[in-house]
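Everything below concerns the one structure shown next.
Just so it is clear, none of the values below were taken in a lab; they were calculated from the coordinates. Only a predicted model underlies this, so the values are computations on that prediction, with no experimental measurement involved. Every residue, glycine among them, receives a Cβ derived from its backbone with ideal geometry; neighbour counts consider all protein chains shown.
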Amino acid sequence: MKAAYIEEHGDLDQIVINELPNPEPGPNDVIVDIKYAALNHIDIFIIKGWSGLNLSMPHILGSDGSGIIKDIGSEVTSFKIGDKVAINPGISCGKCESCLAGKQNFCEQFTILGENIWGTYAEYLKVPEINVLKIPEDFSLEKAAAAPLTFLTAWRMLTTQAKIKHNDFVFIHGAGGGVASAAIQISKYLNAKVIATTSSQEKMERAKMIGADYVINYKSNPDYRKYVYKEITKKKGIEVVIDSVGQSTFSTSIKLLNKGGRLITCGATTGPLTEIDLRYIFWKQLEIKGSTMSNQKEFRDIMKLIFEYNVSPIIDKVYSIEEIVDAEEYLKEAKQFGKILLKI
Ligand SMILES: [Zn+2]
């Protein structure tokens, strides 16, 4: 099968497109004929590598995808060849205490497709039966590939972790990113008031179109904190901050919050190290919570909202698999608004 993979860590030029052997299903696996895959920042981190990441090479990238079931294992009961499916990229063992309690993302063996196991940038993907979900016949395979990782992440952050309520002010950094644009839409669906930041006039307009009530250009207005506090929240402050940016935004996130506010972090695209003034945390009695991916129930809950068009993933651009290096470059430079897809 044709696949986009790496043979060693390094820069984007390590990506190879060539033939690799087709996967064979285990008893509880399905083989998906991938039609679309979607890029995520984790691709760039994996290509670079980190200490403790020991991949067996060649390694196929890609966490998000959608397609058609091509083959099923001997024990598979809920799918047949020809079903249209979306894929949950969070893979767990299925039998430990955490998995049995429905907390799959706490599993010791938890991993993401394309991280420690072969991912979606290939013609065929082997994946456990419990990680695929049938999609409605009339629902597009593009949107089904664009949704999972970012929407399940944003959904868990806002509901399980932040417990957002009606009329909460939710502050979202970097509206053009995948998790951020999902978080804007989910926050609006849950009747919160959304303030988002982004870097250009064009992205500001797009953020408004998907539901942000207030959008700030952080490049032309880097000192936006007082404006948000006085003019937007009328000195009430923010109840929830969604931060996937990390180093460059974290201290601002803490300062933006009102007493009892919740800061939820799911990533650090600008770097992992930050300085925190602890006085803000104890005096305002803040909650700071991490969030990683979702459990199976959260994945199914958010996909149902997507399939019923309550929220809808934004697709910025579709590349062919042969253009993967250009696509990853475009992601790395943060030029996108929403998701970047590969047609496989
Ligand atoms: Zn487990």
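In summary, the stretch 114-242 shows an alpha-carbon radius of gyration equal to 1.24 times the 2.2 N^0.38 Å reference for compact globular proteins. Of the cross-linked pairs Lys2/Lys134; Lys48/Lys193; Lys188/Lys343; Lys134/Lys255; Lys226/Lys317, those separated by over 32 Å at the C-alpha level are Lys48/Lys193; Lys134/Lys255; Lys226/Lys317. For the stretch 271-300 versus the stretch 87-152, the spacing of their alpha-carbon centroids is 24 Å.
Partners of Lys126 within straight-line reach, counting aspartates and glutamates whose Cα lies under 17 Å from its Cα and excluding those fewer than 8 residues away in the same chain: Glu19, Glu24, Asp29, Asp33, Asp64, Asp71, Glu75, Asp83, Glu115.
Of the peptides 43-50, 32-39, the order by per-residue mean of other Cβ atoms within 10 Å, starting with the highest, comes out as 32-39, 43-50. Pick out which of Thr111, Thr249, Thr274 has the largest mean-square fluctuation in a Gaussian network model of the chain, springs linking Cα atoms closer than 10 Å. Maximum fluctuation in the GNM of the chain, among the listed residues, is at Thr274.
Net charge near Ile42: determine it from the other residues with C-beta under 13 Å of the C-beta of Ile42, scoring Lys and Arg +1 and Asp and Glu -1. Cβ neighbours under 13 Å give a net charge of -2. For the chain, a Gaussian network of Cα nodes joined below 10 Å ranks Ile172, Ile81, Ile17 by mean-square fluctuation, and the top entry is Ile81.
Neighbour counts of C-beta atoms inside 10 Å place Val318, Val16 in the sequence Val16, Val318, starting with the fewest.
In the elastic network of the chain, a GNM with C-alpha springs shorter than 10 Å, the most mobile of Cys96, Cys266, Cys107 is Cys96.
Within the chain, no helix built from a complete DSSP H run reaches 24 Å or longer along its own axis (Cα positions) while carrying a mean Kyte-Doolittle hydropathy of 0.5 or higher. Over the chain, dividing the summed -39,500 (n - 2.57) contributions of all DSSP H runs of at least 4 residues by the number of residues returns a 222 nm mean residue ellipticity of -6500 deg cm²/dmol.
When only alpha carbons are used to place a centre, the stretch 1-48 and the stretch 160-238 end up 34 Å from one another. For the chain, the dipole from Cβ point charges (+1 on Lys and Arg, -1 on Asp and Glu) about the Cα centre works out to 2120 debye, to the nearest 20.
Provide the percentage of antiparallel DSSP beta bridges, counting only those with both residues in the stretch 151-290; round to the nearest 5.
For the stretch 151-290, the DSSP antiparallel bridge percentage is about 0.
By DSSP, the beta bridges lying fully in the chain are antiparallel in about 55 percent of cases.
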